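The values are calculated or read from the model by the stated rules, or taken from the named source; none is laboratory data. All of these numbers come straight from a predicted model, not from anything done at the bench. Cβ placement follows ideal geometry from the backbone for every residue including glycine, while neighbour counts extend to all protein chains displayed. We work out accessible area using only protein heavy atoms, side chains counted, and drop any ligands, DNA or RNA first. Shrake-Rupley method; radii C 1.70, N 1.55, O 1.52, S 1.80 Å.
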Amino acid sequence: MIYQLSVALIAVAFAVLVFFLIRTLKSAQSSLDNVSQTLQEVQKTIDELSYEVKQTVRHANDITVDVQHKMKKIDPVMESVENLGEVLSEVTAAAKQVSTTLMTRFQTKSSKAEAGKSSESNLNHVTAPPATPAERTLQTYEATYHDEAKGGKKWMNYIDLAANVWQRLRK
């Protein structure tokens, strides 16, 4: 009878073990099903994102090609602007040279006239030539704007008008 009781106890223990093992396996199967479903959803999301990323890359490539095409069209305009800048630089240099020459001539005439007047009125008074460009400019403007008898003021007004027009054209 001990054998029978032992076998019955082993059978009951085995049945309890199988029962809990079945519950554990069902729980594991449920977890694996959830993992499988999650992986399928992730795969689906990745596929959708992959399609969208491909579309975005295609659009970016199209935009890049379009921008390159437009840049090629703008290149001649940029070259023209560069050439225009060089021409304006040359015109400015030429205008500066002409104005310097005219100012020098005017200064020379004005200095000769002042020297003649000063030698007649006061033999002891000698005017020293201006040392700096700023002093020369001030002396020239002073002679131009205060010596109306020679018509210098009209000439300087034309220069000022030309300079203003030039500045407006540059803008």
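Would you confirm, using the coordinates I've provided, whether residue 66 is in a helix (DSSP H, G or I), under 25 Å from the mean Cα position of the chain (by Cα) and surrounded by 10 or more Cβ atoms within 10 Å (Cβ to Cβ)? Quick ask: steps written out before the conclusion?
Numbers: in a helix (DSSP H, G or I): yes; under 25 Å from the mean Cα position of the chain (by Cα): yes; surrounded by 10 or more Cβ atoms within 10 Å (Cβ to Cβ): yes.
The answer is yes for residue 66.
Can you work out which of the residues in the stretch 70-83 that are of a type outside the set (Val, Ile, Thr) and open to solvent by less than 100 Å² (accessible area, probe 1.4 Å) is nearest to the chain's Cα centre (by Cα)? Can you show your working first?
Restricting attention to the stretch 70-83, the residues satisfying the condition of being of a type outside the set (Val, Ile, Thr) are 70-73, 75-76, 78-80, 82-83.
Now drop any that are not open to solvent by less than 100 Å² (accessible area, probe 1.4 Å), which leaves 75-76, 80, 83.
On the way: 75: 17, 76: 20, 80: 20, 83: 21 Å.
Per the stated criteria, the residue is 75.
Residue by residue, here is whether (1) of a type in the set (Ser, Thr, Tyr); (2) without any contact (Cβ under 8 Å) to a residue 60 or more places away in the chain; (3) more than 30 Å from residue 162 (Cα to Cα) holds:
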site: 16; (1), (2), (3): no, yes, yes
site: 27; (1), (2), (3): yes, yes, yes
site: 30; (1), (2), (3): yes, yes, yes
site: 48; (1), (2), (3): no, yes, yes
site: 69; (1), (2), (3): no, yes, yes
site: 78; (1), (2), (3): no, yes, no
site: 82; (1), (2), (3): no, yes, no
site: 86; (1), (2), (3): no, yes, no
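Consider residue 90 carefully, then state whether it is without any contact (Cβ under 8 Å) to a residue 60 or more places away in the chain, closer than 19 Å to residue 170 by Cβ and out of contact with any Ser or Thr (no Cβ under 7 Å at 6 or more places or on another chain). I'd like the intermediate steps shown before the answer.
On the way: without any contact (Cβ under 8 Å) to a residue 60 or more places away in the chain: yes; closer than 19 Å to residue 170 by Cβ: yes; out of contact with any Ser or Thr (no Cβ under 7 Å at 6 or more places or on another chain): yes.
The answer is yes for residue 90.
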